[in-house]
Amino acid sequence: MALSIRNKLSGTVSAVQPGEVMATVKTRLAGGQEITAAITREAVDELGLADGTPVSALIKSTEVALSTEPIPGISIRNQLRGEVTSVASGGAMATVKVSVDGGELTAAITRDAVDELKLTAGAQVVALIKSTEISLTTV
Amino acid sequence: MALSIRNKLSGTVSAVQPGEVMATVKTRLAGGQEITAAITREAVDELGLADGTPVSALIKSTEVALSTEPIPGISIRNQLRGEVTSVASGGAMATVKVSVDGGELTAAITRDAVDELKLTAGAQVVALIKSTEISLTTV
Amino acid sequence: MALSIRNKLSGTVSAVQPGEVMATVKTRLAGGQEITAAITREAVDELGLADGTPVSALIKSTEVALSTEPIPGISIRNQLRGEVTSVASGGAMATVKVSVDGGELTAAITRDAVDELKLTAGAQVVALIKSTEISLTTV
């Protein structure tokens, strides 16, 4: 099975908070960080997600933002520190690969942002991912 | 009215599950598949969405992921089978057009993914769309 | 602190509607418009968001869709009128800069959409942003 979603981080569910239609699921990643996913309650029930369930977090490249420093006071729940390993620029967009504890992330951001943040191999960055952009798979 | 959102699939609301601030709405598409959208409760109320309401589902190209096979055990609620009709690659990103029952979808994914999945015209794929990425319109 | 997220609009929180795991937060922008963000309840609590809190709304370029006219009967809560100031096209994607009351937005959309909507400097457009795609920061 091949999937276009570039980012897959393995971990174990550490907390499930179910609401009526949505739920937040916290996952402890192999790298030690904890991430929060906001998914439908239906998905939690169908996948049988509970404390201890092994899962992978899937994140599309277009959902990964980058910052040169951690950002305090922000609603975005997930901030993973990493180092840029490569940058590929197109006419409008660019893909930036970032190694983080426990894996690698690809971020598809505007070329403007790459230029402004002076992103090149070796740059220290923080990858930011909104909870609603994280999917979970038990396979 | 012209809209940059590339993907519009017509159907009829088949179920509404309202929560306090969010709601999930299931829509039976013209092609026969059912898709789930997670939108605000406020939108459901304002649009008067209920069983039988004719709607169109709107999905930005950047929100469509592609897989070569259906994926079991995943929180992503929507998986539509289709066939690639064309691929346009840029320096960092690519757009892939996929014909599905009842319409056509455009997926904007990384060029890396197109290469790795060997996506060319005629390839059988599954389009994956997270519920929180689907908008609905009654017009 | 440099951030890849291109769009930042300043305002003041005008309403908070908390659910069990998600919350909707309305923000009155400097330009006068009101926008709705759907974020986790946890973020609302941690940031202490309440009526009158000064915040900035952050929106990734890939989350901004464009229309040539306002769209009635749509679940997308946020529609901001503006004027195109520039367009940069790549092979598959394009970035479009739009001046709105109180700021500037960058939209990363497909090149197909730019061509079809005939987007060039001076074009009047409406920027559409789904509530689940808006993040808030108190800094």
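The values are calculated or read from the model by the stated rules, or taken from the named source; none is laboratory data. Here the structure is a predicted model, which means the values were calculated and not measured. Don't worry about glycine lacking a Cβ; one is built from the backbone with ideal geometry, like all the others, and counts go over all protein chains shown. Protein only, heavy atoms only, side chains kept; ligands, DNA and RNA dropped before computing areas. Shrake-Rupley method; radii C 1.70, N 1.55, O 1.52, S 1.80 Å.
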* **Global form of the protein assembly as shown, assessed from the alpha-carbon gyration tensor, a/c cut-off 1.5** => rounded
* With a 1.4 Å probe and every protein chain left in place, tell me how much accessible area A:ASP115 has, in Å² to the nearest 10. => 100
* **Rough spin-label spacing in nm, given labels placed 7 Å along Cα→Cβ, for A:ASP101 and A:GLU116** => 3.0
* Asked: What is chain B by shape, rounded, prolate or oblate, if you read a ≥ b ≥ c off the alpha carbon gyration tensor as root eigenvalues and call it rounded for a/c under 1.5, prolate for a/b larger than b/c, and oblate otherwise?
  -> prolate
* Structure fact -> The rounded separation in angstrom of the Cα centers of the stretch B:84-137 and the stretch C:1-56 is 32
* **Pairwise FRET efficiency - A:ALA15 versus B:GLU46, Cβ, R0 = 35 Å, nearest 0.05** => 0.55
* Structure fact -> Beyond 29 Å (Cα-Cα) in this structure, taken from A:LYS118/C:LYS26; B:LYS26/C:LYS60; A:LYS118/B:LYS8, we find A:LYS118/C:LYS26; A:LYS118/B:LYS8
* Taking the Cα centre of chain A as origin, sum charge times position over the Cβ atoms of Lys and Arg (+1) and Asp and Glu (-1), and report the length of that vector in debye to the nearest 20. => 200
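Show me the trypsin sites (Lys or Arg not before Pro) within the stretch B:92-139 that DSSP assigns to loop and that have at most 15 other Cβ atoms within 10 Å of their Cβ. Intermediate values should be presented prior to the final figure.
On the way: sites: B:LYS97, B:ARG111, B:LYS118, B:LYS130; in loops: B:LYS118, B:LYS130.
Sparse-neighbourhood loop trypsin sites (Lys or Arg not before Pro): B:LYS118.
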* Structure fact -> Rounded to the nearest 10 Å², the 1.4 Å probe accessible area of A:THR68 is 50
* So what is the relative contact order of the stretch B:7-138, in percent, for Cα pairs below 8 Å that sit 6 or more residues apart? -> 30
* **Accessible area per residue, Å², chain A with all protein chains present, probe 1.4 Å** => 35
* Asked: To the nearest 10 square angstrom, what accessible area does C:ASP51 show with a 1.4 Å probe?
  -> 110
* To do: Give me the number: length gained by fully extending C:THR68 to C:ALA30, i.e. 0.36 nm times residue separation minus the C-alpha to C-alpha distance, one decimal in nm.
  => 11.3 nm
* Along the positive direction of the dipole of chain C (beta-carbon charges: Lys, Arg +1; Asp, Glu -1; about the Cα centre), which of C:ILE5, C:THR106, C:THR24 reaches farthest? -> C:THR106
* To do: For the stretch B:49-61, take each phi angle, set θ = phi - 60°, evaluate the Karplus expression 6.51 cos²θ - 1.76 cosθ + 1.60, and give the result in whole Hz per residue in order, putting x for glycine and proline.
  => 6, 8, 3, x, 5, x, 9, 10, 8, 10, 9, 5, 4
